[in-house]
Structure formats: C-alpha cells, structure tokens
Amino acid sequence: MSARAAALVARHPHRARLRRVGISRAGTPMWLLSVGHGSRHTLIVAGPHANEPVGGATVLRLAERALAEPRLSDAADTTWNLLLSLDPDGSRRNEGWLRGPYTLGHHFRHFFRPGFLEQPEWLPDGAAGAVLPETRALLDLQDELRPFFQCSLHGVDVGGGFVELTRELPGLAERVARIAARLGIPRELRPYDTLYWPCLGPAVYRIPPPRRGDLAAAITEAAVESTWFHPHRHGTVTAVVEAPMWGVAAVEDACPAPDADAVLRTVSRALRQDTRLLEDLLTRVRPSVSGTPDAARLLAPVDDYVLVGPGVADSWDPDVHTTARPLPPLDIARLTTLALSGRRVALRTAGLLHQLVTRAGHDPAGVLPELDRLIDKWCADYRDGYGARWIPVAHQAEYQARVVLAAFELAAGRPHQPGPAPQGPCPDAHADSRSGGPDWSSEPAVPMHRE
C-alpha cells in the first residue's frame, strides 16, 4: 500500500503528498497520503481492525478519485487525508488469508484480531490515558487537522453493509440503498453492533455518546470512549462505513419472524454450548502454548471471546434475559444478524486456537482434529445454512468508496453542530431498494472503475 501511494505521489507531485505520522509497536511506519490543498480537511482511516482489510483498497481508490475529479478537492476547498493503516502490525498477521483462496475455512484459520485493549480506535481510559502509539498517532492527527469529516473504514466478515454516524446526515440512507443495489451488496438492516442505537434510516445508525459499561456491552452500548468521538469538539462528523466480505441476503429481510423466541433460544443455546466447548479446548491448549512466541497476543482475544460469550447468549435468551432493557423488535434481518454474530464469536475463537497450536509445532492435547471439525462445520453453516457468498474485492472497495463520497458530500453541506437523536422505530427498507434478493450475485452490476 505504501509503495502504491508513493507511486501515486510520484505521478502527481504537486497535488499529492506522503508523510510518516507515526510508528507502530513493531516499528512499522504509519503513512498519511494527502491529496489537494484545500483549507478544509477530511480524515479517512483504513485498517482500524486488523481483520478488515478492504479499507486499504478503498483509500487508494479514493485518492485516485480525488485526483481525477477536482470537485472533490480543489473545487471543494478540501484536502483529503488518507491514513493507509491504523494497525499495520495486526494487518500483517492476516496475510495468511489475504493471499487467498477466499474461502471461509481459510479465512478463519488465519484470522487475527487483537484483544480489546490492543485495538487502537478504543479509548478505555480516555484520550489522556491512551498508550498505544497507533492510537496516539491518530489522536494527534485529529487535533492537527480538525477535520470536518472523518471516516473509519471497517469490514464485516459475513453479513451486509451498514453505516454508523456520530452526527446525522439526512439523505444518506437513500444513497446507501442505491449504491448497494447497483453493486449487489446486501445491507445489514439490524446490525448487532447497533442493537440499541438510534436508527437514522435503513442500514444507517447514530452512534450514542460514550458511557461506562461492562466489556459485554462495549459494542452495543458504546461503553467506552473512542477515536470516533474524540474530534467531536471540532465539529467533526464521523462515519463508520462497514463493507461485507461474504454477503448474506437475509440480513436485509425486514419481514416478521414467525417464532422469534424459538430462534433466540436456539441461537443463544448454541453460543452458550460453543463457548463451553471452546473454553474446555482452551484449558487443554494453554499449558502447551503459553511459552511459545506470540502466545500472549493470540490468547488475549481468545480470553475476550470466552469471557463475553455466555453474557451475550444470556442477553438474547428469552428465558434468561432479565435486564430492564428489552430486545428491539425482532424480524428476520435481526434474527439472522444475531445468529451470524454468535457463530462469529465461536469461529474466531476456534481459528485463533488453531493458530496457537499450529504455531507451537506440537499438539500434545490432541485438539487440532476437533478444531478442524468445528471450523469446517461452522463455516458450512455460514455457507449452506445462510447462503454466504464471497463478494469480489473490487465490489467491496467500490461500494465503500461510493458510500464515503456520499457521506462526504452531505457532510460538506451541513452546519457543524450536533443534531437531536432520532426517536421511534427504525424505518424498513422499501422493496425496490433491496439488493439481496434471489437473483443477487457477485457479477458486476455496473461498469467498474479502473483497478
């Protein structure tokens, strides 16, 4: 990515610049590619999560677009600032599956995502307490640039695309629907991340201000501070743009579910059982891998997943759920998303345990055959049970780039003050904007831009 960015700067030396803005924990340079010389700044962050690589392709595509279309930069008095990777060390750990083949089994056997406290977007102790050099580099950039628009580029392994905003951008949901339909990307109408968040329109959600909570609530209730809200005082609107790698059509099916409680019981029971099984495997694996290189980094996310799994399952189970906050209305989209999320926790844990054993070079506890069986079984459930289909990288990146540009155009025309949180239920998608119907495929739906 840095080589491609440098080549782009060499072709456009008067309009594009590349500078180092930080160094990762492993000594990897963190590069910022800037296009244009406008007085207003955007900040686009790729690679905030190590296992979500599409943002790297997206930022290079956005740079080419900003150079080719003056209305996006000079004519808009805007400088585009594109951080090539917020977690380059973690991204490198995913190279085992980035080279392909793009199958679910290969992906999860080589998957890596650091533990919660090593994810550079989060500020569990506030900005003043941030210790990761990657986090400090991003905070410094935000305070230096004071961007009117910030975008964090994320990816969904299995599911659909959606957008999260710190401030409302009226009209974005309609634009996302058109972009998704043209590119054959299913929209995730009820993401697990946004379970209790205000809805601004189909597949567009408002991120609530951070408040304290436990680890299990860290996603769905914004329990910690984040770099999404840090530049809020500068009038920044932040958009988190999620693009799926494997699409599932049912995540945008807003039809009522015939027996939601039965589905919830099945999903929560499966997650609870899977967590117990994986916890037992972890107990057998830990003694033989604890002294191996990188064991601590791989064990941290495993411990996180095993810790939160039972609590997440209980929060869904209608026979156990006792909190004052009831689950939102349940339709096929939300039930599908919850099922995919539960399976994701199990698959990630199994994949990380598989890596722990294979990297150790020995398997005294004899767990590898069991892990292979579980990974194959759960991936088959994604593929055959939910119809998960690979979306070509060009479509992922083009979808994400178009959504970023749509949000940018709306942010460029809005006044810089916070808006009221929306009230009432989330509107459903209209039938004519659905992109995940039975004829949905990964074939090009529109002419693609030059790779």
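The values are calculated or read from the model by the stated rules, or taken from the named source; none is laboratory data. Since this is a predicted model, take the numbers as computed values, not measurements. With ideal geometry, Cβ positions are generated from the backbone for all residues, glycine too; neighbour counts draw on all protein chains shown. Heavy atoms of the whole protein, side chains included, go into the accessibility calculation; ligands, DNA and RNA do not. Shrake-Rupley method; radii C 1.70, N 1.55, O 1.52, S 1.80 Å.
Taking every DSSP beta bridge that has both residues in the chain, what percent is antiparallel when rounded to the nearest 5?
Roughly 50 percent of the beta bridges in the chain run antiparallel, per DSSP.
Could you give the length gained by full extension between R284 and D143, i.e. 0.36 nm per residue of separation minus their alpha carbon distance, to one decimal place?
That pair, R284 and D143, stretches by 46.1 nm at full extension.
What is the distance, in nm, between label points placed 7 Å from the Cα along the Cα-to-Cβ direction at L307 and at H234?
A separation of 3.2 nm, rounded to one decimal place.
Can you compute the charge dipole magnitude of segment 42-102 about its Cα centre, using +1 on each Lys and Arg Cβ and -1 on each Asp and Glu Cβ, nothing else charged? Give it in debye, rounded to the nearest 20.
About 200 debye.
Can you pull the percent of segment 101-147's accessible area that's carbon plus sulfur, 1.4 Å probe, other chains left in place?
Within segment 101-147, the accessible surface is 57 percent carbon and sulfur.
For segment 1-125, what number results from the quotient of the Cα radius of gyration and 2.2 N^0.38 Å?
Scaled against compact globular proteins, the figure is 1.15.
With +1 on each Lys and Arg Cβ and -1 on each Asp and Glu Cβ, and nothing else charged, work out how big the dipole of the chain is about its Cα centre, in Debye to the nearest 20.
Computed about the Cα centre, the dipole is about 1100 debye.
Length gain on complete extension for the stretch L117 to C255, per 0.36 nm per residue less the alpha carbon to alpha carbon distance?
45.9 nm
How much accessible area per residue does the chain have, in Å², with a 1.4 Å probe?
Result: 39 Å² of accessible area for each residue.
Take the chain, compute every pairwise Cα distance, and split them into 20 Å bins from 0; I just need the percent in each bin.
25, 60, 14, 0
Subtracting the Cα-Cα distance from 0.36 nm times the residue separation, let me have the gained length for A3 to D294 in nm, one decimal.
Taking 0.36 nm per residue and subtracting the Cα distance, the gain is 102.0 nm.
Quick check: from the Cα gyration tensor, does segment 135-182 come out rounded (a/c under 1.5), prolate or oblate?
oblate
What percentage of the solvent-accessible surface of segment 363-409, computed with a 1.4 Å probe over protein heavy atoms, is contributed by carbon and sulfur atoms?
With neighbouring chains kept in place, the figure for segment 363-409 is 55 percent.
Where does the chain land at 222 nm, in deg cm²/dmol rounded to the nearest 500, when only DSSP H runs of n ≥ 4 count, each adding -39500 (n - 2.57), divided by all residues?
-13000 deg cm²/dmol
May I ask you to order 355-365, 76-86 by the average number of other C-beta atoms within 10 Å around their residues, highest value first?
The packing order, highest mean first, is 76-86, 355-365.
Percent of accessible area on segment 9-66 owned by carbon and sulfur, 1.4 Å probe?
58
Have a look at H110, V248, G387 and report the one farthest towards the positive end of the charge dipole of the chain, computed about the Cα centre with Cβ charges (Lys/Arg +1, Asp/Glu -1).
Ranked along the dipole, the leading option is H110.
Under 14 Å from the Cβ of P287, count the other residues' Cβ atoms, weight Lys and Arg +1, Asp and Glu -1, and hand me the total.
So the environment of P287 carries a net charge of 0.
Based on the Cβ-Cβ distance from H362 to R211, what FRET efficiency comes out when R0 is 35 Å, to the nearest 0.05?
0.15
Using a cut-off of 12 Å between beta-carbons, work out the net charge of the residues near A63 (Lys and Arg +1, Asp and Glu -1, A63 not included).
+4
Peptides 155-161, 328-334: what's the order by average Cβ count within 10 Å, highest mean first?
Answer by packing, highest mean first, reads 155-161, 328-334.
Ranking request for peptides 64-75, 140-151: highest mean number of other beta-carbon atoms within 10 Å first, then the rest in descending order.
140-151, 64-75
Let's test the formula: R0 of 35 Å, r as the Cβ-Cβ distance of Y196 and L18. What FRET efficiency results, to the nearest 0.05?
0.30
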